[in-house]
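Every number here is computed from the coordinates shown, using simple stated rules; none is lab data. Note that the structure is predicted; figures quoted are calculated from it, not measured. Glycine also receives a Cβ, built like all others from the backbone with ideal geometry; neighbour counts cover every protein chain displayed.
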Amino acid sequence: MADTNADTNADTNKDLDTATEATEPESTAVEAVDTQLPQHNFFVRLYTGTGAFEVIGRRKMWYAISGLIVGIAVASILLRGFTFGIDFEGGTKVSMPVAGASGIATTQQVEDVFSKTLGKGPESVVQVGNGSAATIQIRSETLTNQQTAQLRTALFEAFKPKGSDGQPSETAISDSAVSETWGDQITKKALVALVVFLVLAAIYITIRYEKYMAISALTTLVFDLVVTAGVYSIVGFEVTPATVIGLLTILGFSLYDTVIVFDKVEENTHGFEHTTRRTFAEQANLAVNQTFMRSINTSLISVLPILALIVVAVWLLGVGTLKDLALVQFVGIMVGTYSSIFFATPLLVTLRERTDLVRSHNRRVANRRKPSAKAKAGAPAAGTAELDEAAKSVPAEAAVGGTPAVGAKPAPGARPVRPSRTGKPTGKHSTRRR
């Protein structure tokens, strides 16, 4: 008997729940489900991409940070400029091993020998690499053949650098000269390569995305270019042809990362005007969360071999070209990851919110959420009258054992009759009249 009563009451409650779902506002139901979801820790929310991290909602803060970064970069470029390599400015480069028969040469000793021999100081004297493979590289303005020969002789007499056979040899000292004309040609070719890349990227983005996404993506590329150049200006890294090659590489990486995020934004916001569950900004924020870990993982996977390349180039082999290529890629990947998450998508949302379509949709979402706000404040939610009618429509007989259903009124003068084991009333009469 108890089982029969439980089954019948369960059916009655199910009918009422169905009526409730039919009349409850969508936003109220969604918010009720959201409040019942368990609160996961930081890493769970980061990996699941549930939209818990507010990026778009705080875009003013990210704009301020990005503006500050760009301002510092531009100021450094204008005030300090760049440290161009010999391939761009021209000049003479002299290189020799650190180890010699006279001992280990230091940069200060080499600079002193240069000044005494030529009567002027070099532009830079640096040590590249470690151990037996370490070399000292001297860079100066363009020297004549006679000046170069005098310098080579002075360096050999002072340090006795060892050749490949382990014996002191003047051939262990090498020199190379680059004219200013060659440097100008290299500079022009580097600028042409950069412009061609930006034009091709602009054409692809314009064809692939709508205009607001294209504007945001191209602005992000300019942001990456300016910030990366600013870092080189601030730190004083030498700009070489390898730096330009690396810069083109990281601009491609930045574009790839931005395209990943925009693809998800495009997927989430497709037909957004036909639903009032989320605003355009909320859908875009969800897309950023869903691609957050992918962007970070991609960056980490790209940075690890670059760090290994820096270690090999600087500490083991002392190859300057590898170092220049690795440095610009390391800086560019960090900048590109930041811009794709905290600059590109917020800028897209800001541009789209200026359109009438997004504005009207935001108003409809706000109006849709007003009933749920009233319900939370204690006001009667929409659909109360319909719920009462649904409860009244449930017959009293649905309650086994004479127990009236929710909202039902017992018949006048009726008394509950003890049901049999089958759940049906016993006797000839189910009720008694007074």
Describe numerically, in nm with one decimal, the distance between label points set 7 Å from Cα along Cα→Cβ at ARG354 and at LEU79.
3.1 nm
All other residues with a Cβ under 13 Å from the Cβ of VAL128 taken together, and with Lys, Arg as +1 and Asp, Glu as -1, what is their net charge?
+1
Spin-label pair ASP263/ASP165, simplified geometry with 7 Å Cα→Cβ offset, distance in nm
6.0 nm
Taking 0.36 nm per residue of sequence separation and subtracting the Cα-Cα distance, how much length would be gained by fully extending the chain between THR107 and VAL311, in nm to one decimal?
71.3 nm
Please list 100-110, 332-342 highest first by mean number of surrounding beta-carbon atoms within 10 Å per residue.
332-342, 100-110
Between beta-carbons, use under 13 Å as the cut-off and find the net charge around VAL98, counting Lys and Arg +1, Asp and Glu -1.
+2
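Taking 51 Å as R0, compute the FRET efficiency from the Cβ-Cβ separation of HIS274 and LEU300 and round it to 0.05.
Values: r = 38 Å, r/R0 = 0.75.
Taking R0 as 51 Å, the efficiency between HIS274 and LEU300 is 0.85.
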Under a Cβ-Cβ cut-off of 11 Å, what is the net charge of the residues other than PRO161 that fall near it, where Lys and Arg count +1 and Asp and Glu count -1?
+1
Per-peptide average of other Cβ atoms within 10 Å, ordering 212-225, 264-277, 146-159 highest first
212-225, 146-159, 264-277
